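First the structure, in the form of structure tokens, and then the observations on it.
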Amino acid sequence: MSGIIIDETRRYALGLGCERGTPEDEVMALAVQALDVAGITEAQLAAIASIDSRREEAAILAVAAHFSVPAVFFDAARLEEETPRLKNPSEIVFARVGCHGVAEAAALAALGPEAELVLGKIKSRHATAAVARIGLHKG
């Protein structure tokens, strides 16, 4: 999880998936909507996460830059490991990219095995978003 700062205030990851070339404004609007629906602020966000095939996707990089958080990417095999924890696994997504979900799985993968989804996948025309949270254990 290099580059991800998780502390008392930054405990959430925003997972994003999108078709290639999705307009930045569409992905940004969906990201803002996801944070609003999840009831979190920009200041609580630790990372933007997606599948590694979107590593160069301008819209995802723009969202990360807007929120001043790192963008982290995972290969399909790593995202597939999250399938048992997904709220909305999809055979269609699996057929296209090799994992049963991008937004939900990436948000979970970014925060590790103790993360939980607080917002399952929501969609726009060409993109998906989900939010995961990690609790901080003291002791």
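Numbers at a glance
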read-out	value
Residue 73 part of a strand (DSSP E or B), on the phi < 0 side of the Ramachandran plot and either without any contact (Cβ under 8 Å) to a residue 60 or more places away in the chain or aromatic (Phe, Trp, Tyr) (or both)	yes
Among the residues listed as 122, 48, 60, the single one being among the aliphatic types (A, V, I, L, M) and either free of Cβ contacts under 8 Å to residues at least 40 places away in the same chain or in a loop (DSSP other than H, G, I, E, B) (or both)	48
Odd one out for residue 78, checked against (1) within 11 Å of the chain's Cα centre (by Cα); (2) part of a helix (DSSP H, G or I)	(1)
Those residues of the range 113-132 which are modelled with pLDDT of 95 or more, over 20 Å from residue 59 (Cα atoms) and over 11 Å from the mean Cα position of the chain (by Cα), in sequence order	115, 116, 118
Single condition residue 25 does not satisfy, out of (1) within 11 Å of residue 63 (Cβ to Cβ); (2) surrounded by 12 or more Cβ atoms within 10 Å (Cβ to Cβ)	(2)
For residue 84: the one exception among (1) within 21 Å of residue 60 (Cα to Cα); (2) not in a loop (DSSP other than H, G, I, E, B)	(1)
Test: residue in the range 63-78 that is surrounded by fewer than 18 Cβ atoms within 10 Å (Cβ to Cβ) and modelled with pLDDT under 95	no
The one condition in (1) aliphatic (A, V, I, L, M); (2) under 13 Å from residue 128 (Cβ atoms); (3) in contact with an Asp or Glu (Cβ under 6 Å, 6 or more places away or on another chain) that residue 108 fails to fulfil	(2)
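Each row is one residue, and each column tells you yes or no for (1) under 20 Å from residue 75 (Cβ atoms); (2) without any contact (Cβ under 8 Å) to a residue 40 or more places away in the chain; (3) assigned to a helix (DSSP H, G or I); (4) touching a helix residue (DSSP H, G or I) at 6+ places or on another chain (Cβ under 8 Å).
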position	(1), (2), (3), (4)
8	no, no, no, no
14	yes, no, no, yes
17	yes, no, no, yes
21	no, yes, no, no
30	no, no, yes, no
34	no, no, yes, no
40	no, no, no, no
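The values are calculated or read from the model by the stated rules, or taken from the named source; none is laboratory data. Quick caveat, the model's predicted, so the values are computed rather than measured. Cβ coordinates were reconstructed from backbone atoms using ideal geometry, including for glycine residues, and neighbour counts include every protein chain displayed.
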